[in-house]
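J.: So that we are looking at the same thing, I have put the structure below in structure tokens.
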């Protein structure tokens with residue numbers, strides 16, 4: 001099962017992508033790219049607080065915040081990517097909708113093969129999918145660093 | 001019938017001015033019979049966010065690459081693609097794309113493998129079109145399927161394989177068009193973050209480093225012939241007319257340089273080594289140079 005071991009809000013997205021017929025998958029990703037929330041102004045004005053995901057082929061910046069401490073602290077995610085990079089925006093938007101607000105523990109437990117579960121690899125190429133893997137990797141890395149700090 | 005070449009003074013300086021058209025030319029001629037505008041981007045979704053009216057999309061990954069073998073599509077599949085996109089063998093194809101036409105040049109190079117007679121780049125690409133405030137549409141382009149002939153790919157004149165590069169070491173100049181960090185072999189390895197999938201960093205010995213984007217001006221158009229000659233002739237030391245092989249990571253950025261050397265500077269035998277670093281950096285027992293020096297060709301390479 002491709003939704004195995006996934007938090008419900010993330011599993012829903014995987015299912016959504018699988019239920020859409022092949023030709024419409026890109027359109028769905030495009031819709032996600034359009035719904036990526038803007039950065040809150042406190043972050044927008046402080047780009048140095050964002051981390052660049054250099055593995056993405058287009059500029060993508062992200063910030064992770066923990067509301068509290070411990071494994072249950074909710075994770076807040078913020079992404080910034082230009083309109084000229086809709087695929088990158090789409091990946092960011094999927095991660096935002098699938099992970100934002102989840103307890104830290106649950107985000108850390110998301111399997112690293114998550115990007116492969118959306119059935120997009122054939123359409124967007126493995127190279128492009130790596131951008132999403134890198135985003136997930138950096139999100140987890142930042143959460144661990146905050147928990148350790 | 002192929003469209004007449006654009007008579008643009010800015011293009012007259014180049015070796016093959018008929019391989020370029022301006023955004024203005026596209027605005028005036030897109031949609032005319034015999035002219036097909038093709039968008040080819042790095043980002044697979046960009047076309048869908050809005051494209052030049054009448055343009056069709058060709059994606060490097062899903063349309064031009066074979067799905068199993070690491071190779072380009074064959075004559076049958078290329079003909080089927082052309083038919084689907086409404087392109088006839090005699091049509092003038094104008095390609096444009098994102099990132100200073102990086103991927104557009106790649107598509108043009110693949111069209112050239114099949115000898116499509118008239119394929120051009122829109123100078124400045126997608127970004128220039130947008131910067132000039134020209135129209136974009138999300139309207140799907142209506143296409144009438146064509147009867148494109150099955151033409152077998154002819155690789156040898158413009159494509160180099162690994163064996164060709166090994167044979168050429170020490171005799172044919174190589175141009176490495178990747179970033180300086182990729183060239184020296186310095187990598188920012190961070191554990192658990194996926195990298196580009198090569199086991200060795202560095203470059204092919206003797207290769208000169210000329211990042212592809214140096215050929216592009218601020219607005220994404222090509223630099224003037226004099227500026228390009230200053231880079232490739234004066235700085236790198238190429239001699240007009242000599243054979244050249246360009247490579248990058250998977251052959252896309254080096255298509256841009258291939259276009260510059262072939263069509264703008266008039267080199268007659270430029271080959272793109274599309275295996276590039278993802279092949280060379282993983283191959284067993286091929287020579288690798290690290291650091292900023294070009295390095296020497298080994299005496300025996302096999």
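Read-outs throughout are calculated quantities, based only on the coordinates presented, and are distinct from any laboratory measurement. Quick caveat: nothing in here was measured; it's all calculated off a predicted structure. Quick reminder, even Gly has a Cβ in these numbers, built from the backbone with ideal geometry, and neighbours come from all protein chains shown.
J.: Does anything in the range A:71-85 have its amide N under 13 Å from the 7 Å Cα→Cβ label point of residue A:49, and if so which residues?
T.: Under cut-off, by backbone N: A:76-79.
J.: Sequence gap at least 6, Cα distance under 8 Å: using those rules, report the relative contact order of the range A:41-149 to the nearest whole percent.
T.: 27
J.: Between the alpha-carbon centers of the range B:233-299 and the range B:95-119, tell me the distance in whole angstrom.
T.: With the range B:233-299 and the range B:95-119 each reduced to a Cα centre, they are spaced 18 Å.
J.: Another question, then. Within 10 Å of each residue's Cβ, count the other Cβ atoms and sort A:141, B:263 from fewest upward.
T.: So the residues, fewest neighbours to most, are A:141, B:263.
J.: State, as an integer percentage, the relative contact order of the range B:12-125 based on alpha-carbon contacts under 8 Å between residues 6 or more apart.
T.: Rounded, it is 35 percent for the range B:12-125.
J.: Looking at the square roots a ≥ b ≥ c of the eigenvalues of the Cα gyration tensor of the range B:1-66, which shape do they give, rounded for a/c under 1.5, prolate if a/b is larger than b/c, or oblate?
T.: Taking the square roots of the gyration eigenvalues as a ≥ b ≥ c, the range B:1-66 is prolate.
J.: Shifting gears a bit: Could you tell me what percent of the DSSP beta bridges with both partners in the range B:10-132 are antiparallel, to the nearest 5?
T.: Roughly 10 percent of the beta bridges in the range B:10-132 run antiparallel, per DSSP.
J.: Something else about it: In a Gaussian network model over chain B where Cα atoms closer than 10 Å are linked, find which of B:125, B:133, B:251 has the largest mean-square fluctuation.
T.: Looking only at B:125, B:133, B:251, the biggest GNM fluctuation is shown by B:133.
J.: Something else now. What's the exposure ranking of B:209, A:35, going from fewest to most Cβ atoms within 10 Å?
T.: Least to most surrounded, the residues fall as A:35, B:209.
J.: Can you give the angle from 0 to 90° between the axis of helix B:98-113 and the longest principal axis of chain B, with both taken from C-alpha atoms, to the nearest 10?
T.: For B:98-113 against chain B, the angle is about 90 degrees.
J.: Go ahead and run the numbers for FRET between residue B:219 and residue A:144, Cβ-Cβ distance against an R0 of 60 Å, rounding to 0.05.
T.: 0.90
J.: Measuring from centroid to centroid over Cα atoms, what is the spacing of the range A:48-101 and the range B:13-60 in Å?
T.: Computed from Cα coordinates, the inter-centre distance equals 33 Å.
J.: Okay, next question. What angle, in degrees between 0 and 90 and rounded to the nearest 10, separates the Cα long axis of helix A:8-19 from the longest principal axis of the Cα atoms of chain A?
T.: 20
J.: Hey, in the GNM for chain A with a 10 angstrom Cα cutoff, which one of A:11, A:92, A:83 fluctuates hardest?
T.: A:83
J.: Tell me the relative contact order for chain B as a rounded percent, counting alpha carbon contacts under 8 Å between residues six or more apart.
T.: Once divided by the residue count of chain B, the mean separation gives 20 percent.
J.: Run the helix sum for chain A: -39,500 (n - 2.57) per DSSP H stretch of 4+ residues, divided by residue count, reported at 222 nm to the nearest 500 deg cm²/dmol.
T.: Computed ellipticity for chain A at 222 nm equals -15500 deg cm²/dmol.
J.: At 222 nm, what value in deg cm²/dmol follows for chain B if DSSP H runs of at least 4 each add -39500 (n - 2.57) and the sum is divided by all its residues, to the nearest 500?
T.: Computed mean residue ellipticity for chain B: -6500 deg cm²/dmol.
J.: Among B:229, A:49, A:97, which comes first, second and so on when ranked by fewest other beta-carbon atoms within 10 Å?
T.: A:49, B:229, A:97
J.: Rounded to whole Å and sorted largest first, list the principal axis extents of the Cα atoms in the range B:159-281.
T.: 45, 37, 21
J.: Could you run the Debye sum over the Cα atoms of chain B, one equal point scatterer each and no solvent, and tell me log10 of I(q)/I(0) at q = 0.08, 0.09 Å⁻¹, two decimals?
T.: Calculated log10 I(q)/I(0) at the listed q: -0.35, -0.44.
J.: To the nearest whole percent, what portion of all C-alpha pairs in the range B:10-132 is separated by more than 23 angstrom?
T.: The proportion of pairs with Cα distances above 23 Å equals 25 percent.
J.: Here is a follow-up. Once all Cα-Cα distances of the protein assembly as shown are split into 20 Å bins that start at 0, what whole-number percent is in each one?
T.: Pairs per bin, as whole percents: 24, 53, 22, 1.
J.: As I understand it, the value is the acute angle between the Cα axis of helix A:86-99 and the longest principal axis of the Cα atoms of chain A; what does it come to in degrees, rounded to 10?
T.: Helix A:86-99 sits at roughly 60 degrees to that axis.
J.: Please build a GNM for chain B, connecting alpha carbons under 10 Å apart, and tell me which residue among B:15, B:104, B:226 fluctuates the most.
T.: Comparing B:15, B:104, B:226 in a Gaussian network model of chain B, the most mobile one is B:226.
J.: With both partners inside chain B, how many of the DSSP beta bridges are antiparallel, as a percent to the nearest 5?
T.: 15
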